[in-house]
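Student: Quick one: the structure is below, questions incoming.
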Amino acid sequence: MAEVLRENFDGVEAQTETVKCSSCGSNMVFNPETQTLECPHCGTTKSFGNVGMAGELDLRAGLYGGNRWTAEEAVVFGCDNCGAKVVLKQGETAASCPFCGTAHVRKTEELAGVKPNALIPFAFDGKKAIELSKAWAKKRFFAPRKFKKNVDADHVKGVYAPCFTFDSKTTSYYEGRIGQTRTRTVGSGKNRRTQTYTVWRNICGTFDFNYDDLLITAGSKFGQRELNKISPFDTNNSRTYEEEYLLGFMAYHYDSELSDCWSRAKKDIDADLRRRILSQYVHDKVAYLNVSTSHADVTYKYVMLPVYVGNYNFKSKLYNFFVNGSTGKVWGKTPKSPLKITIAAILGVAVVTLLILLLGGNI
């Protein structure tokens, strides 16, 4: 269920479950442009899969071991260099890590865990991802020229990133004390002055809110910050998971279990509910606010998101950048050129000095 590779680490051809071209017998791969399987040698295409939208799964069943890979279906490979993990079908191997680019990828004894039930397919191919990455890199003023020139296919790989979405009907009971700052004029004559004071009030009540597809990343190499930076992803229209979508791509294994992601989701929900409750009242101070929330009809999807991952080493430091494989939005960190920073600093000092001289001459 990842990039289909023909050799294992001993140089012996691996027996993999692939989709063979009916015309020439080559391995077919998923083509994001046509949303079909395509033979890279003769161009033959083949439609596949269920076009239906992915359904919600019961969280309780998931937490107690439902919908999981068996040891016969999939294995986990880990990168010795950066720690990233990918899930492969039995018999497949990984040639390099999509996050750091090294070939130190080996089979682990770790179980593959929860099986995806939803997926957003890539909407464009790697060539388009490289074009978008180059356009983004050119706008990074402080990035070294070498970085901008070396964004190519060796540094950008298509990876399905693991995330969980959560739905929950919440009912919150709250009580607290909030205040609003006001001013009044007191005294008279020379003693006349403005006095600031706070009007406090006690609040309490219930608050209902339904959360739909709250998106929580399950991978450390593609964390919540990276996810938020290249969002949105249309998870409400994610498709039913089909392994054919992954042919020609890699699937990044989750680092956080379903239970851990649900705990993070609840923390995000708690913070959001506090904001929503307080937004009902005019206030500028909060003495305290106690909120007790219950969750009902909680469901989840384990959805694989399309992400092109770029990796670049500069002066022994790794930099990653990410492309939303659905919308094309790019974000990441780049190395900075000391020369460009020095020139910008000198120009900044020169501009400030010039302004001081001009303003001083007009005084």
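Student: Given points 7 Å out from each Cα along the Cα-Cβ axis, report the Ser22 to Arg60 separation in nanometres with one decimal.
Tutor: If labels sit at Ser22 and Arg60, their model points lie 4.6 nm apart.
Student: Of all the Cα-Cα pairs you can form in segment 224-282, what percent are over 18 Å apart?
Tutor: Values: 1093 of 1711 pairs.
Cα-Cα pairs of segment 224-282 separated by over 18 Å account for 64 percent.
Student: Report the paramagnetic label zone for Gln280: residues of segment 161-195 whose backbone N is under 18 Å from a point 7 Å from Cα along the Cα-to-Cβ axis.
Tutor: 169-180
Student: In debye, nearest 20, what is the charge dipole magnitude of segment 126-271 about its Cα centre with +1 on Lys and Arg Cβ and -1 on Asp and Glu Cβ, if you could check? The partial results should precede the final answer.
Tutor: On the way: 26 positive and 18 negative charges, 378 e Å.
The calculation lands at about 1820 debye.
Student: Work out how much length Ser263 to Asp297 would gain on full extension: take 0.36 nm times their residue separation and subtract the Cα-Cα distance, in nm to one decimal.
Tutor: 10.6 nm
Student: Could you sort out which of Lys85/Lys329; Lys127/Lys301; Lys157/Lys266; Lys20/Lys46 sit more than 21 Å apart by Cα distance in this structure?
Tutor: Details: Lys85/Lys329 24 Å; Lys127/Lys301 30 Å; Lys157/Lys266 33 Å; Lys20/Lys46 10 Å.
The answer is Lys85/Lys329; Lys127/Lys301; Lys157/Lys266.
Student: What is the distance in Å between the Cα centres of segment 224-289 and segment 193-218?
Tutor: 20 Å
Student: Based on the mean of other beta carbon atoms within 10 Å per residue, what is the order of 293-304, 179-190, most packed first? Display every interim value, and only then the final one.
Tutor: On the way: 293-304: 19.1, 179-190: 9.8.
Put in order of decreasing packing, that is 293-304, 179-190.
Throughout, read-outs are computed from the coordinates displayed, never taken from laboratory work. No experiment lies behind these values; they were computed from the predicted model shown. Here the Cβ is made from the backbone with ideal geometry for all residues, glycine too, and neighbour counts use every protein chain on show.
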